[in-house]
Amino acid sequence: LEIYSLHVDCKVTSRFAHTVITSRIVNRANESQEATFEVELPKTAFITNFSMSIDGEVYPGIIKEKAAAQNEYDMAVSHGQSAGLVKITDRKLEQFHVSVSIAAASKVTFELTYEELLKRQLGKYELLIKVRPKQLVKHFQIDAHIFEPQGIRFLETDSTFMTNELSEALTKVQNETKAHILFKPTVDQQKKNSELDETLLNGDFVVRYDVKREATAGDIQIVNGYFVHYFAPQEMPVFPKNIIFVIDRSGSMAGRKIEQTVDALLKILQDLRPEDHFNFITFNNKVEEWKSSLLPATEENVASAAARVQTLTARGGTDISGALLAALGVLEKAEGLPERSVSMIVLLTDGQPTSGERNVEVIQENVQKAINGKYALFCLGFGFDVSYKFLEKMALSNGGIARRIYENADAALQLQGFYQEVATPILMQIEMQYPENSIEGLTKNNFKLFFEGSEIIVSGKISNELDLLPVEIKAQTHTSDLTLKEEANVKEKEQVFQNQRYIFGNFIERLWAYLTIQQLLEKAVSAQEEDQKALEAQALNLSLRYSFVTPLTSMVVTKPSDQQQKELANKPTEAG
């Protein structure tokens, strides 16, 4: 079986990425063979389309509500269960895998389309393309077109498999607002060495960039009556943090995990700012506070904490509840903290609660009551023995986020990377205000915290014939209360995208749908049961309307009549 052509075509329009992967395979044998199409895509993306064509006959994938799709699959397949076509493969990726039997000398074309909104982290956007053809490909090509009306501030490509030979196949053309990256290696350039037919192409191909930002109240873009508003202020004074690290040292953390945790904590302690206050609590079935109160992050205190961290050993049970409530007690009775500061708890655990309070619902309730909206809780789940659902619900109910730390060689870097994202809060209580009677379907527009290097995105539909879209942003900075105002001229803004040749016309509407679905699903995590059903119904409706494979929909993939005719592509989630 020969993959004679593999094309990755990616168009990024104002952070919204639309990627089409086309693979053409020919069966050069004189009997029928199984042709496989395997693509790794970012977890943050939604698949929107898939088809195979075999000798001119097209077999499309149809997106349906999950139960209906399962039903159709069950009817078609009388025996056995297929494993599903999509599974999570690592920290950032999931894999779509489908195979079909094709006759001798036949050809098959697979085409997969997915979309995602690129998220700004630590000052840049990242477009990740996984390259793993497993054989030499005659026509191999990656095209990435980027159009950012705000202007491209910097752009770099990076790859885990690049050689001097291969880098000759990479070209970058860039002007003020557009970039085109083309990677088109010949068969000879793809080879590991001239004797063997082994490919070098195995790993990540990454484009990183950021945009220029001038307007203080962010940047507004409008297409076909939908708007998106990007806000990422820079060079603001940083809020002092009051941060408590709550670290699991139960038996299951022994060995590599506790070593990596200690490594990461030592680096994180070094990164605290002198105006921060900190403490750490370690727990197994006993809860141990390093100090009874928060201490300023002076050189001396940091050194003393580091010395203690280095003595950490792991054994015993897991009293998550006791540890979190102890941390909240320390924050409650804290005195002499800077008047405008941000208080947060970072929990790192690798297991289920096994001592103290074990009922996760009771823990969630007690923690939420004690936090009462005053502090942010971030939950890091180390490995796969944690109840990720529990951690995610606890974090999202308390103004934070959850993240899974994968048990790889780079676990310490994952922990540090997470800390860097939340290390510099520069705004609190951000309200993005728009004229109420003229906007429909507004996405989330109130945010508790804004961290430097990230970005706030709000989108909605402009309902009546507005000429000017006024926006007002209110927030607290470390030194003052902030109000920013801006007016967008709707006609002028619409003009920006009119003459862009490679833009798909309704991209802001699709961006709005993508963002709305993500936020509804996130809200459903921490909602009460009836609300949860309503939120999921809304998200399902949008997933079907815009054809996204989300956790609420499935794609039914059909095949020629001589094979198992139907397979299902579901969207896996971190919580399983």
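Count, please, the residues in the stretch 333-356 that happen to be in contact with a Lys or Arg (Cβ under 9 Å, 6 or more places away or on another chain) and over 24 Å from Glu421 (Cα atoms).
So the count comes out to 2.
Report, by residue number, each residue of the stretch 164-223 that is without any contact (Cβ under 8 Å) to a residue 12 or more places away in the chain, open to solvent by less than 70 Å² (accessible area, probe 1.4 Å) and among the small types (Gly, Ala, Ser).
Residue satisfying the conditions is Ser167 alone.
Filter the stretch 287-338 down to the residues that are among the basic types (Lys, Arg) and in contact (Cβ under 8 Å) with a residue 40 or more places away in the chain and list them by number. Quick ask: steps written out before the conclusion?
Step one: list which residues in the stretch 287-338 are among the basic types (Lys, Arg), which gives 291, 308, 315, 333.
Passing the criteria: Arg315, Lys333.
Residues checked against (1) within 25 Å of the chain's Cα centre (by Cα); (2) in contact (Cβ under 8 Å) with a residue 24 or more places away in the chain; (3) farther than 30 Å from Ala376 by Cα:
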site: Asn446; (1), (2), (3): yes, no, no
site: Ser454; (1), (2), (3): yes, yes, no
site: Ser459; (1), (2), (3): yes, yes, no
site: Thr477; (1), (2), (3): no, yes, no
site: Val490; (1), (2), (3): no, yes, yes
site: Gln498; (1), (2), (3): no, no, yes
site: Phe507; (1), (2), (3): yes, yes, yes
site: Ala513; (1), (2), (3): yes, yes, no
site: Val525; (1), (2), (3): yes, yes, no
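May I ask you to list the residues in the stretch 81-132 that are β-branched (Val, Ile, Thr) and within 15 Å of the chain's Cα centre (by Cα)? Show your work before the answer.
First pass over the stretch 81-132, keeping only residues β-branched (Val, Ile, Thr): 86, 88-89, 98, 100, 102, 108-109, 113, 129, 131.
Correct list: Ile88, Thr89, Ile129.
Considering Ile426, Ile430, Ile405, Ile462, which residue is among the β-branched types (Val, Ile, Thr) and open to solvent by 10 Å² or more (accessible area, probe 1.4 Å)?
Ile462
Condition check ((1) in contact with a Leu (Cβ under 8 Å, 6 or more places away or on another chain); (2) open to solvent by 30 Å² or more (accessible area, probe 1.4 Å)) across all residues:
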{"site": "Asp531", "(1), (2)": "no, yes"}
{"site": "Ala534", "(1), (2)": "no, yes"}
{"site": "Ala539", "(1), (2)": "yes, no"}
{"site": "Tyr546", "(1), (2)": "no, no"}
{"site": "Glu567", "(1), (2)": "yes, no"}
{"site": "Ala575", "(1), (2)": "no, yes"}
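Residue check, Tyr230 against (1) within 24 Å of Glu452 (Cα to Cα); (2) surrounded by fewer than 18 Cβ atoms within 10 Å (Cβ to Cβ), all met but one. Which one?
Going through (1) within 24 Å of Glu452 (Cα to Cα); (2) surrounded by fewer than 18 Cβ atoms within 10 Å (Cβ to Cβ) one by one, Tyr230 breaks only (2).
Kindly indicate which of Pro560, Pro551 is under 27 Å from Met52 (Cβ atoms), surrounded by 15 or more Cβ atoms within 10 Å (Cβ to Cβ), more than 20 Å from the chain's Cα centre (by Cα) and touching a residue at least 12 places away in the same chain (Cβ under 8 Å).
Criteria check complete, one pass: Pro560.
Just a yes or no: is a residue in the stretch 258-271 open to solvent by 10 Å² or more (accessible area, probe 1.4 Å) and touching a strand residue (DSSP E or B) at 6+ places or on another chain (Cβ under 6 Å)?
no
Report yes if Arg308 is modelled with pLDDT under 95, on the phi < 0 side of the Ramachandran plot and open to solvent by 10 Å² or more (accessible area, probe 1.4 Å), otherwise no.
no
Checking Val58 against (1) in contact (Cβ under 8 Å) with a residue 40 or more places away in the chain; (2) in contact with a strand residue (DSSP E or B) (Cβ under 8 Å, 6 or more places away or on another chain); (3) on the phi < 0 side of the Ramachandran plot, only one condition comes out false. Which one?
That leaves (1) as the condition not met.
Can you pull out every residue in the stretch 131-160 that is under 20 Å from Ser23 (Cα atoms), part of a strand (DSSP E or B) and at pLDDT 95 or above?
His139, Phe140, Gln141, Ile142, Asp143, Ala144, His145
Just one of the numbered conditions (1) touching a Ser or Thr at 6+ places or on another chain (Cβ under 8 Å); (2) in a loop (DSSP other than H, G, I, E, B) is not true of Gln234; which one?
Looking at each condition in turn, Gln234 falls short on (1).
Please count how many residues of the stretch 105-125 are in a loop (DSSP other than H, G, I, E, B), open to solvent by 40 Å² or more (accessible area, probe 1.4 Å) and either modelled with pLDDT under 95 or more than 21 Å from Ile47 (Cα to Cα) (or both).
2
The values are calculated or read from the model by the stated rules, or taken from the named source; none is laboratory data. Fair warning: this is a prediction, and the values are worked out from it, not measured in the lab. As a convention, Cβ positions derive from the backbone with ideal geometry for all residues, glycine included, and neighbour counts pool all protein chains shown. When the accessible area is computed, the model is the full protein with side chains, heavy atoms only, and any ligands, DNA or RNA have been set aside. Shrake-Rupley method; radii C 1.70, N 1.55, O 1.52, S 1.80 Å.
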